[in-house]
Amino acid sequence: MRTTSRGLIAALALTPLLAGCFAPGDDAAGGGGGPSGRLRIAMAIPPVQALSPYSNDATVLSKLSVAEGLTALDKNGTAKPALAKSWKQDDDTTWTFELRKAEFQDGTEFTAQSVVNALDHAGAAKPKPRVLSDVTLTAKAEDADTVTLTTKSPDPVLPLRLASPALAILSAKAYAKDGKVSPVGTGTGPFEITKLTGKTGAALDRFDGYWGGKAKAPGLDVTWIPDGTARANALRGGEADIAEWIPTSQAKLLKPDTRHVVSSLRTDSLILNTGKGVFTDPGLRAAAREAVDGTDLVDSVFGGYADPAQGLFGPAVPWAAERRVPATGRARAASVDQVRSETKGTTLRLAAITNRAELPEAATVLQQRLEKAGFTVKLDVREYTQMEGDLLAGRYDALVFSRVTLLDTGDAVAYLASDFTSDGVYNIARLKDAEVDKAIQAAAAESDMKRRQEKIMKAESEILRTDAVVPLVHERVVQGIATDVEGVVLDPRERALVDLDTHLK
């Protein structure tokens, strides 16, 4: 166990702020529950855009079972029915979906026109949801229970794409004329948001009209606690029943029966801004890549709750290792003297977000290694909500970042397209490389799953060749769950947390 005085002071300072966030628990062993069996949940990343599905907030809607898409993903990553009870592919670009009978939480009926309205708004959103970064989608209502979806080019994984939380179907009143989208009382899931208090908390009640039956828990009380130590303290102190993303430094302080480790699709990487600044130079990017190595971070920073990075995709993607293609044709790394000469003392801005407690510590280690390689580095550590605009605008030279690689669709192509193509909507690396674009497009067009996976790994190789991203570790996520809670979903994709069966014993 590693402890720092700074971390202890932060924990002591934050603990009193938790008082009153949740209903008092019975004991410090983990739980006691809220009033009338309501579950108290401590979540990590506060809403960026009032839980809009078109932002990174979208996963909150699926984690808390607020909203649904036409499809969902099963444990194997295969599309399964959700608001669509069945579907068929009519030709390369046309699919027909038969809808189930359902109603929205505001009492209106779910119909094919609801789907058209929701998907039209998603397609018109600025910026587009990442899941639509590589596809143009048109929806048409054939009758009340049937909708036809057409793509501009073949999209063999459309049913997987439609499982994205960003493509949740909300009622008509969710969509404002100014483009804002509100999921408060407008979803179809078993839990309805009844109150959203800025970036601090939300109250959800069971929606008894849910088509899949009544949830076992009568409601959820959510508090966003960005500090990981404070989340762990909330669980240990009986003020939370579920605390997500427990920092690895805190994991071993939890009682073993409240600590649950999940192999994650999350890869932590150093992302370099190739669009402007010092890392427009391939030789300097290569120097940064050689300077940083995530192997020893596994134990020193992540306390063993991680694996050394093999690429963009780790052990939780079972087919990746056997299909991996070595990266070749990389630029030659600049020497220390060359780095100093070419950068001329220009300060490199290295960013890290605080929402995952290990990232600032990893960034400090990387700062030291980059400085040893000849760079001058200034570290900027903040919450993601305070930093997102600057990241997307390219105002940093480098970023220590954690990304769930199959979050958006369950298919890796959407992640690669949004993060690394020339027009990708989440291209923090500002990468523009014709061979990368070509490789990702080839993977996107492939319908045979084995060949698609092979082409995905070829695209990974092309991306790594550019040194726009340097994978560090593949995380294992620690979720804190009180002993009197049953049915929490331990999801490697980090899309699910609470469902119909989650409840206090």
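The values are calculated or read from the model by the stated rules, or taken from the named source; none is laboratory data. Keep in mind that what you see is a predicted model, and the values were worked out from it rather than measured. Backbone-built Cβ (ideal geometry, glycine too); neighbour counts: all protein chains shown. These area figures cover heavy atoms from the full protein model, side chains too; ligands, DNA and RNA do not enter into them. Shrake-Rupley method; radii C 1.70, N 1.55, O 1.52, S 1.80 Å.
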What is the set of long-range amide H partners of VAL485 at a cut-off below 5 Å, with H atoms built 1.01 Å from backbone N? LYS505
Using only the alpha-carbon atoms, what does segment 182-304 span along each of its principal axes? Please give whole angstrom values in decreasing order. 59, 38, 27
Run the 1.4 Å probe and let me know the accessible area of HIS503, rounded to the nearest 10 Å². 40 Å²
What does the charge count near VAL48 come to, summing +1 for each Lys or Arg and -1 for each Asp or Glu among other residues with Cβ under 12 Å from its Cβ? -2
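Quick one: compute a quarter of the convex hull surface over the Cα atoms of segment 410-501 and quote it in nm².
Numbers: hull surface 32.4 nm².
Computing the convex hull of the Cα atoms and averaging its projections yields 8.1 nm².
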For LYS378, counting only lysines whose alpha-carbon sits under 19 Å away and dropping same-chain residues fewer than eight positions off, the answer is LYS276, LYS344
Using modelled amide H (1.01 Å from N, peptide plane; none on Pro or chain starts), what sits under 5 Å from the amide H of PHE110, excluding residues fewer than 5 places away? ALA102, GLU103, PHE104
Using a Cα-Cα cut-off of under 20 Å, which lysines could be cross-linked to LYS438, ignoring same-chain neighbours fewer than 8 residues away? LYS152, LYS450, LYS455, LYS458
Report the local net charge at VAL184: Lys and Arg +1, Asp and Glu -1, summed over other residues whose C-beta lies under 9 Å from its C-beta. 0
With each run of n ≥ 4 DSSP H residues scored as -39500 (n - 2.57), what mean residue ellipticity at 222 nm is computed for the chain after dividing by its residue count and rounding to the nearest 500 deg cm²/dmol? -7500 deg cm²/dmol
Is segment 336-398 rounded, prolate or oblate when judged by the Cα gyration tensor, a ≥ b ≥ c being the square roots of its eigenvalues, rounded requiring a/c under 1.5 and prolate requiring a/b larger than b/c? oblate
Relative contact order for segment 68-177: what is it in percent, counting Cα pairs under 8 Å that are at least 6 residues apart? 34 percent
Burial order of peptide ranges 142-152, 184-194, 160-170, 354-364 (average beta-carbon count within 10 Å, highest first): 160-170, 184-194, 354-364, 142-152
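Which order do peptides 322-334, 124-136 fall in by mean Cβ count within 10 Å, highest first? Provide the component values of the computation, followed by the final result.
Working: 322-334: 14.0, 124-136: 18.7.
With the highest mean Cβ count within 10 Å placed first, the list reads 124-136, 322-334.
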Note on the chain: C-alpha Rg/Rh, Kirkwood Rh, two decimals, gives 0.97
May I ask for the net charge around LEU348, where only other residues with Cβ less than 10 Å from the Cβ of LEU348 are counted and Lys, Arg are +1 while Asp, Glu are -1? 0
Using only the alpha-carbon atoms of segment 68-177, report the extent along each of the three principal axes, biggest first, to the nearest angstrom. 35, 30, 30
Residues whose modelled amide H sits under 5 Å from the amide H of LEU472, counting only those 5 or more places away in sequence or on another chain, are ASP268, SER269, LEU270
Going by average Cβ neighbours within 10 Å, how do the peptides 246-259, 81-94, 267-280 rank, with the highest at the top? 267-280, 246-259, 81-94
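At 10 °C and 1.306 mPa s, grab the translational diffusion coefficient of segment 264-476 from Stokes-Einstein with a Kirkwood Rh over Cα pairs, rounded to a whole number in µm² per second.
Numbers: Rh = 17.2 Å.
In µm²/s, the coefficient rounds to 92.
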If each of GLU103 and GLU322 carries a label point 7 Å out from its Cα toward its Cβ, how far apart are those two points in nm? 4.9 nm
Can you work out the Karplus-derived ³J(HN,Hα) for every residue in segment 273-279? Use 6.51 cos²θ - 1.76 cosθ + 1.60 with θ = phi - 60°, whole Hz, and x for glycine or proline. 7, 8, x, 7, x, 5, 8
Leaving out same-chain residues fewer than 8 places away, which lysines sit with a Cα under 16 Å from that of LYS75? LYS63
